[in-house]
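The values are calculated or read from the model by the stated rules, or taken from the named source; none is laboratory data. What you see is a predicted model, and the numbers here were worked out from it, not measured in a lab. Here the Cβ is made from the backbone with ideal geometry for all residues, glycine too, and neighbour counts use every protein chain on show. The area values use the complete protein model at the heavy-atom level, side chains included, leaving out ligands, DNA and RNA. Shrake-Rupley method; radii C 1.70, N 1.55, O 1.52, S 1.80 Å.
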Amino acid sequence: MFPSSVTKTGADGKAVTDIEPVSAGSDIQSIFFDMWRTDHPDVALNEVPGDLVTASASGLDPDITLANAEFQLDRVAAKWADDKKLKGDDVRKDIEAILQEKARAPWGGAIGETLVNVLEVNLELHKKYGDPA
C-alpha cells in the first residue's frame with residue numbers, strides 16, 4: 001500500500017481529495033518501477049509491443065498484434081526447431097511466412113494494428129510439423 005490522492009464525493013456533494021493508502025494506480029506503478037529501476041540501474045530495457053504486457057492472458061481472445069507475434073518469433077522458432085530437430089533459421093522463415101499469411105488488419109487497415117490469430121498460427125504449425133514432442 002502507498003499513499004495517493006483519492007477524490008471522493010463529500011457529504012455536501014462536492015468533490016473532496018484526500019490522501020489514502022492504495023494498492024493500484026498509475027502513480028503506484030511508477031513508484032514501483034522507480035524503486036526497481038533504482039535497484040537495477042544497469043539493466044537494459046527493451047521496447048516491447050504494448051499488448052505483450054497489457055493484454056489478458058486468459059486465452060479467450062486469440063488475437064495478438066503482428067508486432068507481438070514477431071517479438072516472440074525467435075523464441076517460438078527456437079523451441080519448435082529444438083523439439084523437431086530442425087534448423088532454427090528454416091523454422092523461423094516458415095513461421096514468419098505463416099504470420100504474414102494469417103495477418104489481418106481490422107476494417108481493411110482503416111483502424112487499429114495488424115492482428116494475428118494465434119490459434120490459426122498454431123494449427124498451421126501443427127499441420128506442418130506435427131504435434132510437439
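Taking (1) open to solvent by less than 70 Å² (accessible area, probe 1.4 Å); (2) over 23 Å from residue 132 (Cβ atoms); (3) at pLDDT 85 or above; (4) assigned to a helix (DSSP H, G or I) in turn, residue 43 satisfies each apart from (4). None of 17, 38, 54, 9 is touching a residue at least 12 places away in the same chain (Cβ under 8 Å) and over 19 Å from residue 126 (Cβ atoms) except 17.
For region 72-100, a residue qualifies if it is surrounded by fewer than 12 Cβ atoms within 10 Å (Cβ to Cβ) and either touching a residue at least 60 places away in the same chain (Cβ under 8 Å) or in contact with a helix residue (DSSP H, G or I) (Cβ under 8 Å, 6 or more places away or on another chain) (or both), and the qualifying residues are 87, 90. Taken over region 101-116, the residue count meeting the criterion of being open to solvent by less than 50 Å² (accessible area, probe 1.4 Å), small (Gly, Ala, Ser) and assigned to a helix (DSSP H, G or I) is 1. Considering only residues in region 123-133 that are over 12 Å from residue 77 (Cα atoms) and not hydrophobic (A, V, I, L, M, F, W, C), the one that is least open to solvent (accessible area, probe 1.4 Å) turns out to be 130.
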